[in-house]
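The structure appears below as structure tokens.
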Amino acid sequence: MKELYQQVDNFLRQGTSVALATIVESKGSTPREVGAKMIIQELGQILGTVGGGCGENQVWQDALRVLQEGHPRFSCVDLTGEINENTATNCGGIMDIFIDSFRPKAPAGGGTVPEEIVRVVLDAYERREPAVLAIVLGSNGTGAIGAGCKVVITESQGVLGWPGDPSITEPLARAALSVLKAGRSRRIKVALADGVTTLDVFFELLIPPAEMVIVGAGHIARPLCQIAKVMGFEVTVIDDRANFANKSRFPEADRIIVGNIEETVGKLPIGPSTHIVLVTRGHQMDQASLLRVIGSRAAYIGMIGSKRRVGAVFIYLKEHGISPELIKKVYAPIGIDIGAETPDEIAVAIMAEVIKLRRQGRAVSLSEGRKRPFQDRLESNSV
């Protein structure tokens, strides 16, 4: 979903208006899920899909009307007609699709107000913090809030992007936090404090894409970057050597950062979708980087090294006040026990461990062989 919002932002920066069609509710069997989107550019170009076929053509036509008239609207795609060999659809459900327009900043002297909410959405993605975009679809009241009003809500920063009335934003924030907890986008009727007004709101869950941060651009990093991209991760590669960390060696990487490793790692935005792999050329770099991230919200922290090297790093961490509970979070030695020896095989073992964690698999990690005895010693203060 991040990519579609980036596309909207690109169009706006180029001075092009677009419509954004979002499935806000569905019933029965439908070709796309709630939250699926399609961009319709003012010249008719489309990006993304809400299901294809005749239904999508209907949405496309409705979107062009929205761009012409400037007002959001619903497009109801009904696929419940009898299915036979002559029909173009193989689904039998109904989709409610909300279509709204996004317009670039008007020149001085008047015109359409710019849609700053797109930037707020992208900023939330960049911070790697789960967020919710609340889109008002309609209201039974006659107040100032109308269809198309939007606000972003995060757990740590609250309401962003709309300096609205607290009597409106506070009920929206409460509903948004329930959506964050449930982990799925949904349409909700939100009652306001006046006891009269009810808002029809679509709460879109904004989950940052899974990210892999590879610290160290050596031989293992190259195949690991390739595999992570195949698995759908955004990949960041960090090293202090420009002849190692560059686009010719890592053409698939989303970001390549050359600089002091410890300082760079310490400045990274790390969230619950971040997976950190420490594969530097020396244990001193690993332990310095580990100190920077071990208390973060990262989903995974793994470090390469022999049991002896790992043990030395963990002793160093304990001496620097890191609790046994935090040390337990580190997967080291890194990877699944598949007998890996070559850089390519080690990269597979590392990615397998990440998948194991994400899917709650049962494969045996190499770190499990050292964790229990070593952590028993950590907790008993005998190291």
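F202 meets the conditions (1) of a type outside the set (D, E, K, R); (2) at pLDDT 85 or above; (3) assigned to a loop (DSSP other than H, G, I, E, B); (4) not assigned by TED's automatic domain parsing to the domain that holds L357 in every case but one. The failed one is (3). Are any of the residues in the stretch 221-237 hydroxyl-bearing (S, T, Y) and over 18 Å from P272 (Cα atoms)? Within the stretch 221-237, not a single residue is hydroxyl-bearing (S, T, Y) and over 18 Å from P272 (Cα atoms).
Tally time: how many residues in the stretch 198-254 are under 30 Å from L20 (Cβ atoms) and not aromatic (F, W, Y)?
Qualifying residue count for the region: 24.
Reported count of residues in the stretch 266-280, each being of a type outside the set (V, I, T) and touching a residue at least 60 places away in the same chain (Cβ under 8 Å), is 6. Report whether or not T236 is out of contact with any His (no Cβ under 9 Å at 6 or more places or on another chain), surrounded by fewer than 24 Cβ atoms within 10 Å (Cβ to Cβ) and outside the structural domain of E353 (by TED's automatic domain parsing). No; evaluated as a whole, the condition is false for this residue. One residue stands out in the stretch 164-179 among those that are within 24 Å of the chain's Cα centre (by Cα) and of a type in the set (A, V, I, L, M): the one that is surrounded by the fewest Cβ atoms within 10 Å (Cβ to Cβ), namely L177.
Per this entry, T197 is not counted among residues that are closer than 27 Å to V132 by Cα, in the same structural domain as V354 (by TED's automatic domain parsing) and touching a residue at least 24 places away in the same chain (Cβ under 8 Å).
Within the stretch 1-53, the set of residues being exposed (fewer than 15 other Cβ atoms within 10 Å of the Cβ) and either in contact (Cβ under 8 Å) with a residue 40 or more places away in the chain or polar (S, T, N, Q) (or both) comprises Q6, N10, R13, Q14, G15, K27, G28, S29, Q45. Just one of the listed residues (R281, R292, R309) is within 15 Å of V237 (Cα to Cα), among the basic types (K, R) and either in contact with a helix residue (DSSP H, G or I) (Cβ under 8 Å, 6 or more places away or on another chain) or not assigned by TED's automatic domain parsing to the domain that holds R127 (or both), namely R281.
Of all residues in the stretch 180-199, those being surrounded by 17 or more Cβ atoms within 10 Å (Cβ to Cβ), within 15 Å of T154 (Cα to Cα) and not polar (S, T, N, Q) number 1. All of V179, V215 fail the test of being farther than 16 Å from Y125 by Cα, in the same structural domain as I270 (by TED's automatic domain parsing) and at pLDDT 90 or above, apart from V215. Scanning the stretch 337-356 for residues that are crowded, with 16+ Cβ neighbours inside 10 Å, outside any loop (DSSP other than H, G, I, E, B) and free of Cβ contacts under 8 Å to residues at least 24 places away in the same chain yields A349, A352, K356.
One residue stands out in the stretch 42-56 among those that are part of a loop (DSSP other than H, G, I, E, B) and under 14 Å from T30 (Cβ atoms): the one that is farthest from the chain's Cα centre (by Cα), namely G52. Quick test for you: out of L67, L47, L43, pick the one residue that is in contact with a helix residue (DSSP H, G or I) (Cβ under 7 Å, 6 or more places away or on another chain) and outside the structural domain of D200 (by TED's automatic domain parsing). Result of the check over L67, L47, L43: L47.
The values are calculated or read from the model by the stated rules, or taken from the named source; none is laboratory data. Please read all numbers here as calculations on a predicted model, not as lab measurements. Positions of Cβ are generated from backbone atoms using ideal geometry, with glycine treated the same way; all protein chains shown enter the neighbour counts.
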